[in-house]
Amino acid sequence: MIEHIFFALGTVKSIKIYDKNSKNYEPLLKHIQERIEYISSHCNFYDDQSDLSHINQQAGESYVTVDQDTYMIIREAKAYSVQYKGFFDITVGSLTRLWHINTNNNEMPLKQDIDRAILKINAQDILLKEDNQIALAHHGQAIDLGSIAKGYCVDLTKELLIKAGVTEAIIQYGGSVAVIGKKKKVGIQNPFKSQGEIMGYIETDACVVTSGTYEHYFMHDNKRYSHLFDLRTGYPIETDMMSLTVVTSSALLGDVLTTVYFNKGVIPRDEDVCVIMNDGRYYLSESLRKEFYAR
C-alpha cells in the first residue's frame, strides 16, 4: 500500500493506493497534489488574488476569465443551486462575508444587513460564457465554493487515478471519501469525541460524504452558530442534526446533498444516510444497515 498525505482546502488529504503491481505512482501523486493545491488557491474565498475573489470583486461590472477547474466547479454548482433552490446556493457569499465565517471576527451582523444579503442570493445571476468567462449580474453578489470544492477535488482525484490504471484505492479529503475497486470500511467520525475518533464504519465502493454543525462555527454570547446557513432567514441553521453522512456515486453530489438535507431540517429516509442527533441518538437508513459496523 502507498499512502500520500498533503494539506489543501483547509483539511488533510490522504490518497491510499492498494494496487499490488510494482508501478511507481509517486509522479502521479505529486501531479494530483499540485492540481488540488492549484484549485484550492483559485477557489479561496478569502484570498483577494484568487479566481473566486476576482469574480466577486467584479460583480455587476464585468466578466472574469478563470482557470478551467474554477469554471467547471462553478458551472456544476450553479446547476445544483438551481435544482435545489432555497436549500443550496453558491451565491451565499454575501452571507459568508456578513457572518465572518472562518475568521476571528465573532461580531453579530445586523438584521437589516442580513435581509439585504438574502436578496443577493440567486444562482441564476451567475453568467457563463465560453473561454472560461464568468460574471455575477449584480453588485454585492458573491460566490462561495466552500460547500462544494472539496467534493469536486475528490471526484477529480478519483478520475485521475482510474485514468492512470489504479484499480484499488481510497481517497479521503476531510469528510469526503471515495473508494476505487473493492469495498472498503469508511469511518464515520463521532462528533462528541476528539477529531479522528470513529463511531462506526460503512463498507462501500462508492463515495461517503460527512458534514456537521460541529465542524466550523463561532461563539457569541455563549451560543454556537454553525457555518451552514438557512437561505430563507439568512441566519445559521438551527437543527437537531449534528452530523449527516450520505453515500453517493459522486463526492460533489454528496457535498450538495448534505447541505440540502441540513437546510431542510428533516432526515431523508429514502436516501443512503447516517444521521447523528444532538442528543447522541443516530439514524441509519435501512439500505445501509447491512453495511454498517458499530465500533
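The values are calculated or read from the model by the stated rules, or taken from the named source; none is laboratory data. Here the structure is a predicted model, which is why all the values come from computation and not from measurement. Here the Cβ is made from the backbone with ideal geometry for all residues, glycine too, and neighbour counts use every protein chain on show.
What the table below lists for this structure:
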read-out: All positions within the range 124-133 that are at positive phi and of a type in the set (Asp, Glu); value: Asp131
read-out: Residue list for the range 1-23, filter: among the small types (Gly, Ala, Ser) and crowded, with 16+ Cβ neighbours inside 10 Å; value: Ala8
read-out: The range 24-40: number of residues that are under 18 Å from the mean Cα position of the chain (by Cα) and either aromatic (Phe, Trp, Tyr) or surrounded by fewer than 17 Cβ atoms within 10 Å (Cβ to Cβ) (or both); value: 3
read-out: Test: residue in the range 134-148 that is assigned to a helix (DSSP H, G or I), crowded, with 23+ Cβ neighbours inside 10 Å and either modelled with pLDDT of 95 or more or at negative phi (or both); value: no
read-out: Phe88, sole failed condition from (1) touching a Phe, Trp or Tyr at 6+ places or on another chain (Cβ under 7 Å); (2) farther than 26 Å from Ile114 by Cα; value: (2)
read-out: Listing of helices (runs of 4 or more DSSP H) fully contained in the range 1-97 that carry 3 or more residues being more than 18 Å from Cys153 (Cβ to Cβ), touching a strand residue (DSSP E or B) at 6+ places or on another chain (Cβ under 9 Å) and at pLDDT 95 or above; value: 51-57
read-out: Every residue from the range 51-93 that is free of Cβ contacts under 8 Å to residues at least 24 places away in the same chain and either surrounded by 20 or more Cβ atoms within 10 Å (Cβ to Cβ) or closer than 13 Å to Ile143 by Cβ (or both); value: Asp51, Ser53, His54, Gln57
read-out: Criterion: of a type in the set (Lys, Arg) and under 22 Å from Lys30 (Cα atoms) - qualifying residue of Lys163, Lys183; value: Lys163
read-out: Extreme residue, farthest from the chain's Cα centre (by Cα), among residues of the range 111-133 that are in a loop (DSSP other than H, G, I, E, B) and of a type in the set (A, V, I, L, M, F, W, C); value: Leu119
read-out: Qualifying residues in the range 1-31 (those that are among the hydroxyl-bearing types (Ser, Thr, Tyr) and touching a residue at least 40 places away in the same chain (Cβ under 8 Å)) - the one nearest to Lys150 (Cα to Cα); value: Thr11
